[in-house]
Amino acid sequence: MIVVVFRNRLREGIEKAYKDEAQAMSVIAREMPGYISHKSFTADDGERVTIVEYESEAAVRAWARDPRHVAAKRLGRKEFYSEYKVQICSLTREGRFARE
C-alpha cells in the first residue's frame with residue numbers, strides 16, 4: 001500500500017471555491033483504479049491534511065497524471081494554496097484494533 005500525505009494551507013477568502021473543487025476531485029479520485037480511501041482534517045492552526053491510500057505506486061502515478069487532476073493542481077497553486085507539502089510513503093507495517 002502507498003500512503004500520500006498532503007499538507008496545505010489555504011489562502012484567505014477562497015474556502016467556498018476550494019470546497020467545490022475538492023468535492024469534484026474527491027468524486028474523480030474514488031473512480032481511479034487502485035484508489036482505496038481518503039480523509040481530510042483541519043488542525044486548529046488552519047493546516048489541512050489529507051491522507052490518501054492507494055494499492056500501488058502505479059495508481060499514485062496514474063492519479064498524478066490524470067488530466068483533470070493536473071488541471072486542479074495548477075488551479076490550486078494559482079488560486080487556493082498559500083503553501084503545501086506532499087509526502088508519498090510506502091506502508092511497511094500496519095496494526096489495528098477494533099472494540100466489539
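The values are calculated or read from the model by the stated rules, or taken from the named source; none is laboratory data. Every value quoted in this text rests on a predicted model; they were computed, and no experiment measured them. Positions of Cβ are backbone-derived with ideal geometry, glycine not excepted, and every protein chain shown enters the neighbour counts.
Brief remarks on what is shown
- Hits in region 16-41 (condition: within 22 Å of LYS78 (Cβ to Cβ), surrounded by 12 or more Cβ atoms within 10 Å (Cβ to Cβ) and either under 14 Å from the mean Cα position of the chain (by Cα) or not aliphatic (A, V, I, L, M) (or both)): TYR18, GLU21, ALA22, ALA24, MET25, SER26, ILE28, ALA29, SER40
- Tally, over region 2-15, of residues that are touching a strand residue (DSSP E or B) at 6+ places or on another chain (Cβ under 6 Å) and surrounded by 13 or more Cβ atoms within 10 Å (Cβ to Cβ): 8
- Enumeration of residues in region 49-100 that are of a type in the set (S, T, N, Q), surrounded by 12 or more Cβ atoms within 10 Å (Cβ to Cβ) and within 15 Å of the chain's Cα centre (by Cα): THR50
- Of the residues making up region 13-65, just one is part of a strand (DSSP E or B) and over 19 Å from ILE88 (Cβ atoms), namely THR42.
Quick grid of which residues meet (1) modelled with pLDDT under 95; (2) in contact with a Lys or Arg (Cβ under 6 Å, 6 or more places away or on another chain); (3) more than 18 Å from LYS19 (Cβ to Cβ):
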site: PHE41; (1), (2), (3): no, no, no
site: TYR54; (1), (2), (3): no, no, yes
site: ARG68; (1), (2), (3): no, no, no
site: GLY76; (1), (2), (3): no, no, no
site: LYS85; (1), (2), (3): no, yes, yes
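- Beta carbons closer than 9 Å, at least 6 apart along the sequence or on distinct chains, never pair a first residue in region 1-12 that is free of Cβ contacts under 8 Å to residues at least 12 places away in the same chain and more than 12 Å from THR42 (Cα to Cα) with a second that is exposed (fewer than 15 other Cβ atoms within 10 Å of the Cβ) and of a type in the set (Lys, Arg).
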